Amino acid sequence: MTEFATDSILVLVEVSPSGAVLPSAAGLIGAAAAIGSPVALVVAAPGAGPAAAKAAGEFGATQVLVAERPDAATSLLVPTVDSLAAAAALVSPQAVLLSHSVQGRDVAARFAARTGSALAVDAVGISRDDEGPVVHHSVYGGSYLVDSAASSGAIVLTVRQGAIEARAAATKPTIETLEVPASGMRDVDIVDFEEVVVASSRPELRGAKTVVSGGRGLGSAEKFALVEELADVLGAAVGASRAAVDAGYVPQSHQVGQTGVTVAPQLYIALGISGAIQHRAGMQTAKTIVAINKDANAPIFEIADFGIVGDLFAVVPQLVSAIQSKRK
C-alpha cells in the first residue's frame, strides 16, 4: 500500500463525460503543491482512468488515486462522493480541494456533511501557517478579504476557477487503484446525456486568464463587436455586464457579476461598464483591471489599476491597432 505524506492535500480532479480532465485541475493542483504534497483523485468510467491520471500528473500531482466506477456515467454525485470519502480515509489529508463548479459545490457539501468536516466555499487562495491550511476569500462584492481555517480535521474548500496563478511542475505520478465501497445512498440517475462542444477560438469565460467585457456604454449589439475585436487580438474571453445582457447585446452566458459568472483573470478590461456593485462582485479579484469609460465618476475607476476617461469608440480601435502593430 502506498504511503502518503503527512502534508498531503487531496484534490478532486473533475473529468468530463468523455473522460477528459477539465482545465480547473491545473489551478487546484498548483494550489495544493504550494502548501503540501498534492494527491489527485480521478473518478471516471471504466477505461478512462489511466489517461486522466496521466493528465493529472502533467498538472503536477505526485500521486493519483483512480476510482473507475461503472456508475460514474449513470449517477450524478454519489459515486464521486463515495470515492472522495474513501480517498480521504486512505490519505488523511490536511485539506480537500475541489473546483467551485456546479458539480464541485455539490460534491463538497455532501462530502463535508458526511464526514463532519469544515467547509469553505469560493476560495480565491490558500496558504499555510503554523497550525495548518488557511483559506482566503473575497466577500461582500469584493469589498473585503477574509481568512478561514478549520479548528480540527481537514478543511474542505471549493476554489474559484481562475483565481490561482500557481502551477506545479509536471511529474510522473504514482498511480494506485482506489477500492470504493458503495454507500447505497440515493442519487439522481442519468438516463442519457449529450456533451455539447462549443466551437470557438476564444477561451471559456470561467477560468480565462484575460477577459474583455462590455457594458451598456456600447450602445447596441452591433457595436458590441468592438469588445469581441479587442478580445480576439488579446486571445481573451468575452464578458458583459448585466445591463448589456438585459439590453440584448449578448447572451446571458457572457454575464459577469453577482448573478452571472465570477471570474478572476490576470487581466480584466471593462469597456463602457459603470461598475455597479453587482458587476464588481464578479470580477474584483482580477489581478489587473483596466477601465475605459467616458464618465470620470464611474464607480469602476475606484477599483481599476489603470483607467482611461474617454470615448471607447475612439480609444479601443487605437488600442487594437497598437497591439497588432507590436505583433508584426
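The values are calculated or read from the model by the stated rules, or taken from the named source; none is laboratory data. From a predicted model like this one, the values you see are computed outputs, not experimental measurements. Note: ideal-geometry Cβ built from the backbone for every residue, glycine included; neighbour counts use all protein chains shown.
Below is a table of values for the structure above.
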| read-out | value |
| --- | --- |
| S143 surrounded by fewer than 11 Cβ atoms within 10 Å (Cβ to Cβ), modelled with pLDDT under 90, within 21 Å of the chain's Cα centre (by Cα) and among the polar types (S, T, N, Q) | no |
| Segment 221-274, subset β-branched (V, I, T) and over 17 Å from G162 (Cα atoms), residue nearest to the chain's Cα centre (by Cα) | T259 |
| Only one of E176, E165 that is outside any strand (DSSP E or B) and of a type in the set (D, E) | E165 |
| Residues of segment 220-246 classified as among the polar types (S, T, N, Q) and over 18 Å from T262 (Cα atoms), total | 1 |
| Criterion (of a type outside the set (G, A, S), in contact with a helix residue (DSSP H, G or I) (Cβ under 6 Å, 6 or more places away or on another chain) and in contact (Cβ under 8 Å) with a residue 24 or more places away in the chain) met by exactly one of T74, T2, T80, T62 | T80 |
| Selection within segment 7-35 - touching a residue at least 60 places away in the same chain (Cβ under 8 Å) and β-branched (V, I, T) | I9, V11, I29, I35 |
| Qualifying residue in segment 288-300 (condition: part of a loop (DSSP other than H, G, I, E, B), over 17 Å from G219 (Cα atoms) and of a type in the set (K, R)) | no |
| Hits in segment 290-328 (condition: over 26 Å from the mean Cα position of the chain (by Cα) and among the small types (G, A, S)) | A296, A298, G307, G310, A314, S321, A322, S325 |
| Flag for G307 being of a type in the set (G, A, S), in contact with a His (Cβ under 6 Å, 6 or more places away or on another chain) and closer than 26 Å to E165 by Cβ | no |
| Enumeration of residues in segment 263-291 that are within 21 Å of R202 (Cα to Cα), in contact (Cβ under 8 Å) with a residue 40 or more places away in the chain and surrounded by fewer than 23 Cβ atoms within 10 Å (Cβ to Cβ) | Q266, L267, K287 |
| Within segment 29-52, tally of residues that are in contact with a helix residue (DSSP H, G or I) (Cβ under 8 Å, 6 or more places away or on another chain) and in a strand (DSSP E or B) | 7 |
| Residue in segment 87-104 that is touching a His at 6+ places or on another chain (Cβ under 9 Å) and of a type outside the set (V, I, T) present | no |
| Counted residues, segment 88-103 - those being surrounded by fewer than 24 Cβ atoms within 10 Å (Cβ to Cβ), small (G, A, S) and under 19 Å from I29 (Cα atoms) | 3 |
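For (1) among the aliphatic types (A, V, I, L, M); (2) surrounded by fewer than 17 Cβ atoms within 10 Å (Cβ to Cβ); (3) modelled with pLDDT of 90 or more, each residue gets a yes or a no:
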site: T171; (1), (2), (3): no, no, yes
site: T177; (1), (2), (3): no, yes, yes
site: V180; (1), (2), (3): yes, no, yes
site: V188; (1), (2), (3): yes, yes, no
site: D192; (1), (2), (3): no, yes, no
site: E195; (1), (2), (3): no, yes, no
site: S200; (1), (2), (3): no, yes, no
site: E204; (1), (2), (3): no, yes, no
site: T210; (1), (2), (3): no, no, yes
